[in-house]
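All remarks here apply to the structure that follows.
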Amino acid sequence: MTDSVGIIGAGRLGQAMARTALRAGRRVVIANSRGPESLASVVSALGDGVSAGTVDEAASAGIVVIAVPWDRVPEAVQGLNWNGQVVIDATNDWAADDLNGRTSERARRRPRRRRARREGRQHARRRRARLGSTGSRR
Amino acid sequence: MTRVIFVSGDDADAKADVVALFQDAGFAAIDLGDLATGGAMQQIHHPLAGVNLASDSGGT
């Protein structure tokens, strides 16, 4: 299942993650908010093993990378159906003044959990891991 | 020498999948623990964010 990597966001970070996943021998589906047809040149530059997809398609891969700017994360993941995928949160809150000392994942998770409880739904089981760059994305 | 990348997470299986992905890509992955511990170290403006390290042992 983890032989496929879905990437939500096709900017510098998303493309770097696509090259990394390709180097690891994984198949890559890359997506952005503007739809797969907007990614023709990106996909052809990345080469074999990468296809453009919808955000839903990218989010159904075994490993899903969130690679959009911090302030666009909520809309990028809204409405996605998680089903046990591994989610790599590669985003950073560069301002970091709205976190009150929490990590970004925690800040983001709380409202979601509250919302799920209020609606009486069992929220989808999600598995998360955080990726830390060692200096390439200043 | 391989470049070091840090991974934090609350789910051991998920982390193993992510570590495998990055090892296959040629990184030395180092598991920093759960999100509250490791995530805080990796968070931007925190000690390990933006640090560029290499390993001669391949990491964990």
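Values quoted throughout were computed directly from the atomic coordinates according to the rules given, and no laboratory measurement underlies them. None of these values were measured; they are calculated from a predicted model. FYI the Cβ positions are ideal-geometry reconstructions off the backbone, even for glycines, and counts take in every protein chain you see.
Total residues in the stretch B:1-15 satisfying the condition of being more than 17 Å from B:A40 (Cα to Cα), in contact (Cβ under 8 Å) with a residue 24 or more places away in the chain and either among the charged types (D, E, K, R) or more than 7 Å from chain A (Cβ to nearest Cβ) (or both): the figure is 3. Residues that are surrounded by 14 or more Cβ atoms within 10 Å (Cβ to Cβ) and without any contact (Cβ under 8 Å) to a residue 40 or more places away in the chain within the stretch B:38-60 comprise B:G38, B:G39, B:A40, B:M41, B:Q42, B:Q43, B:I44, B:H46, B:A49, B:G50, B:V51, listed in sequence order. A:G14 satisfies every condition listed in (1) away from chain B (no Cβ under 14 Å); (2) within 19 Å of B:Q23 (Cα to Cα); (3) in contact with a helix residue (DSSP H, G or I) (Cβ under 8 Å, 6 or more places away or on another chain) except (3). Looking only at the stretch B:23-37, which residues are crowded, with 17+ Cβ neighbours inside 10 Å and within 7 Å of another protein chain (Cβ to nearest Cβ)? Within the stretch B:23-37, B:A25, B:L35 qualify.
Within the stretch A:1-23, the set of residues being surrounded by fewer than 23 Cβ atoms within 10 Å (Cβ to Cβ), touching a strand residue (DSSP E or B) at 6+ places or on another chain (Cβ under 7 Å) and closer than 18 Å to A:T54 by Cβ comprises just one member, A:S4. Within the stretch A:22-57, the set of residues being within 14 Å of B:D24 (Cβ to Cβ) and without any contact (Cβ under 8 Å) to a residue 24 or more places away in the chain comprises A:R23, A:A24, A:G25. Each residue in the stretch B:1-32 was checked for being more than 9 Å from the chain's Cα centre (by Cα), assigned to a loop (DSSP other than H, G, I, E, B) and farther than 21 Å from A:R19 by Cα, and 2 pass.
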